[in-house]
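*Asks:* What follows is a structure written as structure tokens; I'll ask about it next.
The values are calculated or read from the model by the stated rules, or taken from the named source; none is laboratory data. Keep in mind that what you see is a predicted model, and the values were worked out from it rather than measured. We place every Cβ from the backbone using ideal geometry, glycine too, and count neighbours over all the protein chains shown. Remember, those area values only see protein heavy atoms, side chains included, never the ligands or the DNA or RNA. Shrake-Rupley method; radii C 1.70, N 1.55, O 1.52, S 1.80 Å.
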Amino acid sequence: MSKAIDFTQGSIQKNLIAFAFPLFLGNLFQQLYNTADSLIVGNFLGSQALAAVSSSSPLINMMVGFFNGMAIGAGVIISRAFGARDSEALDKAIHTDLAFSLAAGAGMTVLGSIFTPLILEWMQTPADIMPNSVSYFRVYCLGIIFSLMYNTCMGIMNAVGDSRHPLYYLIVSSLVNIVLDLFFVGVLGYGVGSAALATIISQAVSVILSLKRLFRGQEGVYKVSIARIRFHKGMLRQILRFGLPSGVQNSVIGFANIVVQTNINSFASAAVAGSGAYSKIEGFAFLPVTCFSLALTTCIGQNLGAKKYDRAKKGALFGLLCSVIMAELIGLAVFILAPQLVAAFNSDAEVVAYGVRQAHMEAFFYCFLALSHCMAGILRGAGKASIPMLIMFGSWCVLRVSYLTVVLSFFHDIRIVYSAYPLTWTISSIAFIIYMAKADWIHGLEKKA
């Protein structure tokens, strides 16, 4: 059994890297997992099928994003209980988190399956890709509970410092997904719905492996039992208190991205395919951002639970620097290699041109995306999840949607749509910097301790 990382002891820098590296590899495989559908569909079924998968992605991200935010909130409670060595609170938090995920997954399966056509129609999905879009999204919704359950299990293991086992399970799941995609689409010649089926089967595999690990538990720390998976009212209130801001934040950002996708859908299907290809590339570029943001939330949560405030500050600074530098270096690589990367999904000249144009407008702004996400991770670990929610809601939702609505009414140019992301990333970073400079967030908590 690999040892979980305790951020309250030892070198902060080494612990963050040791925790973030397997998390990075795990996110890398998860991105491969998410990209396999687009790569295989785009090459075997063509640009319209790729556009159909791409048009559904923001909607899926919005649905899953809310519950991933809830999992982050639960992770704050779990990491604090772990840091404080409060085994009773840790047990209740873990079992309540699992109960919430099961209930949410069942509800989303029903709602997503019923309202798929209506939602895609509202998004102005082009008529030539609508049947494939409905097929892909509806099949995905039938297995969305596996996506929610895996992210919950991963959040639990990460919160107690175990980022290795989620990596192992993602590797297995990613390989299963790729093999099934190739078999269903490449060998059998099935449509885009089979790509979604491959995804949910592979997600089910990851859930089985994760639950097996949780049922075995970590000796002396926790052990999950089916009989104890239920709602503990007091703990549910705490999880909602910390998780709702993150969940709402993810949802409103997801909603804003749906608005962006709706505007992209108003252009040619090649624009939809090109943007979809770029979004998969961008997903890889965001990996350092994601892993350090999650690592910082766990690090800050554990150290504040143990009342080790200086360690929390050192971890925050180191994580921010690492994430921002790596994000910008990757942005440079994406800018240079954009034509080859987009062409890997679909070699149609028009599709490549749209994807490259978007990459060239966004890649050099990845540093601001990293800064915003990592500062949000720090504040969540400090129990101030409402601050990132408000900043990101204002900049990534209200401002982004308003900007597109107003400017596109005068200039119907897809470059306006692409520019919305770097503009709002920059503004949110400025807001975070101002807040962190003025708010005594560490010592404020210390005075309450």
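*Asks:* Could you give the length gained by full extension between ILE434 and PHE215, i.e. 0.36 nm per residue of separation minus their alpha carbon distance, to one decimal place?
*Replies:* Numbers: separation 219, 0.36 × 219 = 78.84 nm, distance 4.41 nm.
Contour length minus the Cα-Cα distance gives 74.4 nm.
*Asks:* Here is a further query. Under 8 Å for C-alpha pairs, at least 6 residues apart: give me the relative contact order for the range 104-229, rounded to a whole percent.
*Replies:* Result for the range 104-229 is 28 percent.
*Asks:* Probe of 1.4 angstrom, ligands and nucleic acids ignored: what's the accessible area per residue over the range 341-402, in square angstrom?
*Replies:* On a per-residue basis, 33 Å².
*Asks:* If each DSSP helix of 4+ residues adds -39,500 (n - 2.57) and the sum is divided by the residues in the chain, what number results at 222 nm, nearest 500 deg cm²/dmol?
*Replies:* -28000 deg cm²/dmol
*Asks:* Further question on the same structure: Tell me the trypsin sites (Lys or Arg not before Pro) within the range 44-143 that lie in a loop according to DSSP and have at most 14 other beta-carbon atoms within 10 Å.
*Replies:* ARG85
*Asks:* Please give the FRET efficiency for TRP122 paired with ASP413, using the beta carbon to beta carbon distance and R0 = 22 Å, rounded to the nearest 0.05.
*Replies:* 0.40
*Asks:* Angle, helix 233-265 long axis vs. longest principal axis of the chain, Cα atoms, 0 to 90°, nearest 10?
*Replies:* For 233-265 against the chain, the angle is about 20 degrees.
*Asks:* Pick out, in residue order, every one of the chymotrypsin sites (Phe, Trp or Tyr not before Pro) in the range 72-130 that is DSSP loop and has at most 10 other C-beta atoms within 10 Å; say none if there are none.
*Replies:* Passing sites in the range 72-130 do not exist.
*Asks:* Taking R0 as 45 Å, what FRET efficiency do you get between PHE231 and ALA349 from their Cβ-Cβ distance, rounded to the nearest 0.05?
*Replies:* 0.25
*Asks:* Quote the accessible area belonging to CYS397 in square angstrom, nearest 10, computed with a 1.4 Å probe and with ligands, DNA and RNA left uncounted.
*Replies:* Its heavy atoms expose roughly 10 Å² to the probe.
*Asks:* Follow-up question, since we're still on this one. Averaging sequence separations of C-alpha pairs under 8 Å and six or more residues apart, then dividing by the length of the range 159-270, give the relative contact order as a whole percent.
*Replies:* Across the range 159-270, relative contact order equals 18 percent.
*Asks:* Quick one: how many Å² of TYR168 are accessible to a 1.4 Å probe, rounded to 10?
*Replies:* The value for TYR168 is about 100 Å².
*Asks:* Now a separate question. Working from Cα positions, state the angle (0 to 90°, nearest 10) between the long axis of helix 144-159 and the longest principal axis of the chain.
*Replies:* The angle comes out near 40 degrees.
*Asks:* Only loop residues by DSSP count here, and only those with at most 12 other Cβ atoms within 10 Å; note down the chymotrypsin sites (Phe, Trp or Tyr not before Pro) in the range 177-211 that meet that.
*Replies:* Answer by residue number: there is no such site.
*Asks:* If you don't mind, there's one more thing I want to ask. Quick check: the angle from helix 366-381's long axis to the longest principal axis of the chain, C-alpha only, nearest 10 degrees?
*Replies:* 30
*Asks:* Using a 1.4 Å probe over the heavy atoms of the protein chains, calculate the carbon and sulfur portion of the accessible area of the range 156-268 as a whole percent.
*Replies:* Result for the range 156-268: 66 percent of the exposed heavy-atom area is carbon or sulfur.
*Asks:* Could I ask something else about it? How far apart, in nm, are two points set 7 Å out from the Cα along the Cα-to-Cβ line at ILE201 and at LEU332?
*Replies:* 4.3
*Asks:* Now for a different question. Please give the solvent-accessible surface of SER402 in Å², to the nearest 10, using a probe radius of 1.4 Å with every protein chain present.
*Replies:* Here the residue's solvent-accessible area equals roughly 60 Å².
*Asks:* Measure off, as a whole percent, the carbon and sulfur share of the 1.4 Å-probe accessible area of the range 1-138, all protein chains present.
*Replies:* 64
*Asks:* With r as the distance between the Cβ atoms of LEU321 and THR405 and R0 = 51 Å, compute the FRET efficiency 1/(1 + (r/R0)^6) and round to 0.05.
*Replies:* The pair THR405/LEU321 has a calculated efficiency of 0.90.
*Asks:* Here's another thing I want to ask about it. How far apart, in nanometres, would the label points at ALA106 and ARG85 be if each is projected 7 angstrom from Cα along the Cα-to-Cβ direction?
*Replies:* It works out to 3.9 nm between the two label points.
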